[in-house]
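The values are calculated or read from the model by the stated rules, or taken from the named source; none is laboratory data. In this text, all values refer to a predicted model and were calculated from it rather than measured experimentally. Backbone-built Cβ (ideal geometry, glycine too); neighbour counts: all protein chains shown. For accessibility, only protein heavy atoms count, side chains too; no ligands or nucleic acids. Shrake-Rupley method; radii C 1.70, N 1.55, O 1.52, S 1.80 Å.
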Amino acid sequence: MEILDWLLVVPLGLLAGGLAGLLGIGGGLIFAPLLLWMGLTPHQALATSTFAIVPTAISGTATHLRARTVPAPAGWAIGIAAFVTALVFSRLGRLVDGWHLLALQSLLYLFLACTIQSRPDDSESELDQTFSLPGLTSVGGLAGFAGGMLGLGGGLVMVPVMVRGLAVPIRLAIRLSTVAVACSTAAASLQFLSEGRGQPTLGLLLGGVAAVGAQWSASRLDDVRADRLAWMLRGLAILLALDSARRAFQLALLG
């Protein structure tokens, strides 16, 4: 990498990790645009982004597990579903044109920007909640789709669905999302490695830097108000929708 690339990798990696630990989003929303800017093709950028998300999400997950803030049945349900479906969708992603992948990202972000919200009772004890394990399994499947097909961690998909559809408090949804992101991207990375897609060394470098920020922010999740978390997720979704749409339009014109 050139000097300018190194100067961008460290601060943007820390930023991605900080957002990942705080919002349960994996960090792909920053990794993917950065890798595209560095000259990688959409398919290569999305695969390399997946490699970077693995250490980032594992770092945040380890923080939550040490604090015992993730209910075991819920974590297993969403994590296993994410791992299995990511293996499936990572095979399908290579069959889709690059601008189609970016267009899918844009539509997904727009949809999520309209659905993200917090609940009035998000201050209640999270570990006393009851869970729909089939519902969480379905959410894990969404994570597998986002990680395997689009190279995203899937947090921006899972958190709104869990909060709005399954009545999960937003902080607990973020923790469960982090677990699912770790599982889905680990599975997708195995598939990408076997196919020779992406640049694992670059991805792990980004992820290693981001893991530091993820661990720090994950440990401070309880200090942030639930409504503020919802607004942060919504703002990110809107910005990313516009950026993905712009890139998809450019690729479509070139194709």
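One table, with the values for the structure above:
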read-out	value
Relative contact order of segment 1-87, defined on C-alpha pairs under 8 angstrom at six or more residues apart (%)	23 percent
Residue-by-residue Karplus 3J(HN,Hα) for segment 157-167, coefficients 6.51, -1.76, 1.60, Hz, glycine and proline x	8, 6, 4, x, 5, 5, 5, 7, x, 10, 6
Nearest-10 value in Å² for the accessible area of Asp227, using the 1.4 Å probe	60 Å²
Exposure of Ile80 as accessible area (Å², to 10), given a probe of 1.4 Å and all protein chains	100 Å²
Long-range amide H partners of Gly27 with built H, under 5 Å	Gly153
For segment 1-83, the spread of Cα positions along each principal axis, largest first, Å	44, 24, 16
Accessible solvent surface per residue of segment 1-79, calculated while the other protein chains remain in place, 1.4 angstrom probe, Å²	38 Å²
Accessible area of segment 185-255 divided out per residue, in Å², using a probe of 1.4 angstrom	53 Å²
Two-site FRET efficiency, Trp231 against Leu254, from Cβ-Cβ distance with R₀ of 51 Å, rounded to 0.05	0.90
Relative contact order (percent, whole number), segment 133-255, Cα cutoff 8 Å, 6+ residue spacing	21 percent
Accessible area of Phe111 in the full protein assembly, 1.4 Å probe (Å², nearest 10)	120 Å²
Residue-by-residue Karplus 3J(HN,Hα) for segment 20-33, coefficients 6.51, -1.76, 1.60, Hz, glycine and proline x	5, x, 7, 10, x, 9, x, x, x, 5, 9, 4, 4, x
Ala67 versus Asp222: modelled label distance in nm, points set 7 Å from Cα along the beta carbon direction	0.7 nm
Carbon plus sulfur fraction of accessible area for segment 178-255, probe 1.4 Å, in percent	66 percent
